[in-house]
Amino acid sequence: MEESKRENKQESTQELLELGASTTKSSKGNIYTLTIIGQIEGHQTLPETVKTTKYEHVIPLLAAVEESEDIDGLLLLLIEAGLAIAELIAGMKKPTVSLVLGGGHSIGIPLAVSAKRAIIAPRASMTVHPVRMTGLVVGAPQTYHYFDQIQDHIVDFVTENSRISREDFERYMMATGNMATDVGTVLYGAEAVKSGLMDELGTLSDALSYLHRQI
């Protein structure tokens, strides 16, 4: 019976390693690196010309990482991602750290703050803006209320998982003088940390050091 359980765990771990990008094993602990690239593909299939990460790939992968006895921590490399994935990461017990490289905006911000430590590269940026409407929109009060609710959920999540106040986050979100053709604010590395949105400036070595300390 015990032998069967061990075999099942080994098979699950092997499947996890095959699905993901990489797992680094050392005396400091085993760290799983997950890279989320481009738009999150959920209910609709996006064109082949658009870089996407699929829900059905990432969500079971996160559950497997949480349960695996061979993985001690999660390193998340991201630019943009979805709120559902952010909720899962925020609820994980294992050490997690996010590292924002280049830039992140929209739902990428909740994902960045979902980790227990949020690090941003010095020249990376976070673009804070309200929920955008694309495609066909029904011109009714219920439509506005629906988008308003989505925005409230995002604001709640970000402020609960970072040091930024709701007032400041909404002010950045609705600013009109910071972006030439849009509403919102672009916060670069040091500004993002000062605002409380991100925890610290750093690079890959800083993210890995944090994981090793926590493990």
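General observations
- From 211, 204, residue being more than 16 Å from residue 162 (Cβ to Cβ), among the aliphatic types (A, V, I, L, M) and open to solvent by 50 Å² or more (accessible area, probe 1.4 Å): 204
- Some residue of the stretch 4-22 being under 27 Å from residue 172 (Cβ atoms), among the hydrophobic types (A, V, I, L, M, F, W, C), open to solvent by less than 70 Å² (accessible area, probe 1.4 Å) and at pLDDT below 65: no
- Just one residue in the set 106, 165 is open to solvent by 10 Å² or more (accessible area, probe 1.4 Å), of a type in the set (Ser, Thr, Tyr), more than 22 Å from residue 64 (Cβ to Cβ) and at pLDDT 85 or above; that residue is 165.
- Yes/no for residue 145 being modelled with pLDDT under 90, in contact with a helix residue (DSSP H, G or I) (Cβ under 8 Å, 6 or more places away or on another chain) and not in a strand (DSSP E or B): no
- Residue in the stretch 137-162 that is nearest to residue 106 (Cα to Cα), counting only those that are of a type in the set (S, T, N, Q) and open to solvent by 60 Å² or more (accessible area, probe 1.4 Å): 149
- Restricting attention to the stretch 163-194, the residues that are in contact with a Ser or Thr (Cβ under 9 Å, 6 or more places away or on another chain) and hydroxyl-bearing (Ser, Thr, Tyr) add up to 4.
The values are calculated or read from the model by the stated rules, or taken from the named source; none is laboratory data. Since this is a predicted model, take the numbers as computed values, not measurements. Note that we place each Cβ from the backbone using ideal geometry, even for glycine, and neighbour counts take in every protein chain shown. Surface areas here come from the heavy atoms of the whole protein model, side chains and all, with no ligands, DNA or RNA. Shrake-Rupley method; radii C 1.70, N 1.55, O 1.52, S 1.80 Å.
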